[in-house]
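Visitor: One structure coming up, written as structure tokens, with questions to follow.
The values are calculated or read from the model by the stated rules, or taken from the named source; none is laboratory data. The structure displayed is predicted, hence computed values, not measured ones. Here the Cβ is made from the backbone with ideal geometry for all residues, glycine too, and neighbour counts use every protein chain on show.
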Amino acid sequence: MVKETNLSAENLLLKLDLKWCLGKLEWKLHEKQLEILKVLENSPAQEYLLLVSRQFGKSYLVVVYSLMYCLKNPGSLVRIAAPTLRQAADIVNDNLRPMISEAPDGLISRHKSDNRWLVGESELRLGGLERSNVDSLRGANADLVICEEGGFVSSDDYEYALRSVIGPQLLHSGGKLIHVTTPSQEPEHFIHASVMPKCELSSTCFRYTIYDNPLLEQDQIDAAIELSGGRDSISFKREYLVEIVRDSSVVCVPEFKVTTHVVTLNPPVFANWLISIDFGGVRDKTVGLLLAYDFANARTIVIAEYLAHENTDTLTIVEGLKNLEKLVPSGAFIKRVADAPGQLLVDLNKHNYNANLPAKDNWEASLNQVRLNLNSGKLLVGAPCSFLIETLKSATFNRNKTDFNRSVTLGHCDALAALMYGVRSIDKVTNPIPSVTYDPIKYWVRPQKPSGLTAVANAILGKKG
């Protein structure tokens, strides 16, 4: 009887080793992870997005699937990338260590490099996604690339990593690219704006909340709610309900809504006009905004915008700004403010374009004024102002919240800076609506001949009728 028990245990071990060698590791995943695995293994699509809640086991799923791919496709190269190389190593090592003890001896072994693993006849390599780490991903063609927590890499860095480093490696192999993350704090992050629509069209976009996790009990979910600040907190909505939310601690203008604040309308006939300019020089973008203060309705409207990229010469910028002013009714007075160094103001004068410096004494108050005006409906943006609209949707603070973030797409949030100057500088006091006047000749009425008591009175007074 003892021998039979030992034999059964030995057979079980042999079967387990065989599963490992064949890459059949489905038994290590829970039911919701298996739903994702089924699509990953059977879909012909090349790109996948997993928007997954905390505590779902997404990193564990990533490691299991990577091992399965390596074992089922001998000689393949799989890459797992996280924001930094250190994070990638932590994700893989923490999940791989207990698996090695279960696998047949020698099936999984560390390469001489700390960032490489040999899995059967294949190789698993680690890398970083941030611009300062992305070179760790460069190298030979890859068969599978998994990007972990891409939502916590800046949108520009993530797009650069995909387009310039990862994409070319999958070009010849036709391999899979898998994004695994919770939503980013940047509402218009590349993952939200570009990756998600593409994956939704191919039915390869997965969204799993904390309530989809079969391993969590209600008391554990309640603990997560409490730790994240409550069911209605931004943290719980983003990290556990995988919602894309506008976080006021990160996004500069959380009040802005395209459906509410972007309008298509004709400029007011009578208004106070302003050109507000933020000069970018050699590093950032130059943005000019044409604003009108609609006195009758007590609101500021951004009518149009001008955008120039880095190192654009002054004459070209002046010509672009003058084209903006052609939208202003003939004869109307246009005030101009420009955030520019002194020499540039001199150069503008040489091109017959005069402007004054805007008030810049309180950056935070100026930004708050924009937010308050949006919230109260006193600030609207014309539909043609696409760059300003994108900036209002996506502008974020630096880590210390003392300035705007810089990005390839938005520059130094130069359109928002120009709007701040404009909202603060535009004339809201002067009434531009002309007074109604009466032409005495046009409105002259022939007097009627007096009669009755009026005639008698006039006769007594010696007046003629």
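Visitor: Just to check your reading of the model, which residue among 328, 282, 318 is of a type in the set (A, V, I, L, M), under 31 Å from the mean Cα position of the chain (by Cα) and crowded, with 17+ Cβ neighbours inside 10 Å?
Guide: Values: 328 fails: under 31 Å from the mean Cα position of the chain (by Cα); 282 fails: crowded, with 17+ Cβ neighbours inside 10 Å.
Matching residue, one of 328, 282, 318: 318.
Visitor: A further question follows. Among the residues of region 228-263, which ones are assigned to a helix (DSSP H, G or I) and either polar (S, T, N, Q) or on the phi > 0 side of the Ramachandran plot (or both)? Let's see the steps before the verdict.
Guide: Here is the first cut: in region 228-263, the ones assigned to a helix (DSSP H, G or I) are 234-239, 258-261.
Listed by number, the residues that qualify are 235, 259, 260.
Visitor: Somewhere in region 372-386, is a residue of a type outside the set (Asp, Glu), within 14 Å of the chain's Cα centre (by Cα) and either surrounded by fewer than 17 Cβ atoms within 10 Å (Cβ to Cβ) or in a helix (DSSP H, G or I) (or both)? Spell out how you get there, then give the answer.
Guide: The initial filter retains those residues of region 372-386 that are of a type outside the set (Asp, Glu), namely 372-386.
With within 14 Å of the chain's Cα centre (by Cα) added as a condition, the list becomes none.
No: region 372-386 contains no residue that is of a type outside the set (Asp, Glu), within 14 Å of the chain's Cα centre (by Cα) and either surrounded by fewer than 17 Cβ atoms within 10 Å (Cβ to Cβ) or in a helix (DSSP H, G or I) (or both).
Visitor: Considering only region 204-233, how many residues are of a type outside the set (Phe, Trp, Tyr) and touching a Ser or Thr at 6+ places or on another chain (Cβ under 8 Å)?
Guide: If we filter region 204-233 for residues that are of a type outside the set (Phe, Trp, Tyr), which is where we start, we get 204-205, 207, 209-210, 212-233.
From what's left, touching a Ser or Thr at 6+ places or on another chain (Cβ under 8 Å): 204, 209-210, 212-213, 228-229.
Qualifying residue count for the region: 7.
Listed here are the residues, each with its yes/no results for (1) in a helix (DSSP H, G or I); (2) touching a helix residue (DSSP H, G or I) at 6+ places or on another chain (Cβ under 9 Å).
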{"site": "287", "(1), (2)": "no, yes"}
{"site": "290", "(1), (2)": "no, yes"}
{"site": "310", "(1), (2)": "no, no"}
{"site": "316", "(1), (2)": "yes, no"}
{"site": "349", "(1), (2)": "yes, no"}
{"site": "353", "(1), (2)": "no, yes"}
{"site": "358", "(1), (2)": "no, yes"}
{"site": "364", "(1), (2)": "yes, no"}
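Let's see how each residue does on (1) under 20 Å from residue 337 (Cα atoms); (2) touching a Phe, Trp or Tyr at 6+ places or on another chain (Cβ under 7 Å); (3) not assigned by TED's automatic domain parsing to the domain that holds residue 54:
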position	(1), (2), (3)
244	no, no, yes
268	no, no, yes
272	yes, yes, yes
276	yes, yes, yes
285	yes, no, yes
297	no, no, yes
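Visitor: What helices (runs of 4 or more DSSP H) completely inside region 67-181 contain at least 1 residues that are not assigned by TED's automatic domain parsing to the domain that holds residue 25? Please lay out each step first, then the result.
Guide: Working: elements: 85-102, 155-160, 167-171.
Helices (runs of 4 or more DSSP H) meeting the threshold: none at all.
Visitor: Does residue 214 satisfy the condition of being touching a Leu at 6+ places or on another chain (Cβ under 7 Å), part of a loop (DSSP other than H, G, I, E, B) and of a type outside the set (S, T, N, Q)? Break it down stepwise before answering.
Guide: Details: touching a Leu at 6+ places or on another chain (Cβ under 7 Å): no; part of a loop (DSSP other than H, G, I, E, B): yes; of a type outside the set (S, T, N, Q): yes.
Criteria not met by residue 214.
Visitor: Of all the residues that make up region 73-118, how many are without any contact (Cβ under 8 Å) to a residue 12 or more places away in the chain and among the hydrophobic types (A, V, I, L, M, F, W, C)?
Guide: 2
Visitor: Give me the residue from region 293-315 that is more than 19 Å from residue 381 (Cα to Cα) and in contact with an Asp or Glu (Cβ under 8 Å, 6 or more places away or on another chain) and, out of that set, surrounded by the most Cβ atoms within 10 Å (Cβ to Cβ).
Guide: Of the residues in region 293-315, the ones more than 19 Å from residue 381 (Cα to Cα) are 308-315.
Still in the running and in contact with an Asp or Glu (Cβ under 8 Å, 6 or more places away or on another chain): 310, 314.
Details: 310: 12, 314: 17.
Only one residue tops the list, namely 314.
Visitor: Something else: So is residue 402 more than 24 Å from residue 271 (Cβ to Cβ) and either touching a Cys at 6+ places or on another chain (Cβ under 7 Å) or at pLDDT 90 or above (or both) or not? Full working, then the answer.
Guide: Values: more than 24 Å from residue 271 (Cβ to Cβ): yes; either touching a Cys at 6+ places or on another chain (Cβ under 7 Å) or at pLDDT 90 or above (or both): no.
For residue 402, the condition - more than 24 Å from residue 271 (Cβ to Cβ) and either touching a Cys at 6+ places or on another chain (Cβ under 7 Å) or at pLDDT 90 or above (or both) - is not met.
Visitor: Going through region 86-134 one residue at a time, which ones are at pLDDT below 85, of a type outside the set (Gly, Ala, Ser) and surrounded by fewer than 15 Cβ atoms within 10 Å (Cβ to Cβ)?
Guide: Within region 86-134, 111, 112, 114 meet the criteria.
Visitor: Restricting region 264-279 to residues that are outside any loop (DSSP other than H, G, I, E, B) and farther than 21 Å from residue 390 by Cα, which is farthest from the chain's Cα centre (by Cα)? Explain how you work it out, then say what you get.
Guide: Taking region 264-279 and keeping what is outside any loop (DSSP other than H, G, I, E, B), we get 272-278.
In the following step, the residues that additionally are farther than 21 Å from residue 390 by Cα were identified as 272-274.
Details: 272: 33, 273: 31, 274: 29 Å.
Here the residue is 272.
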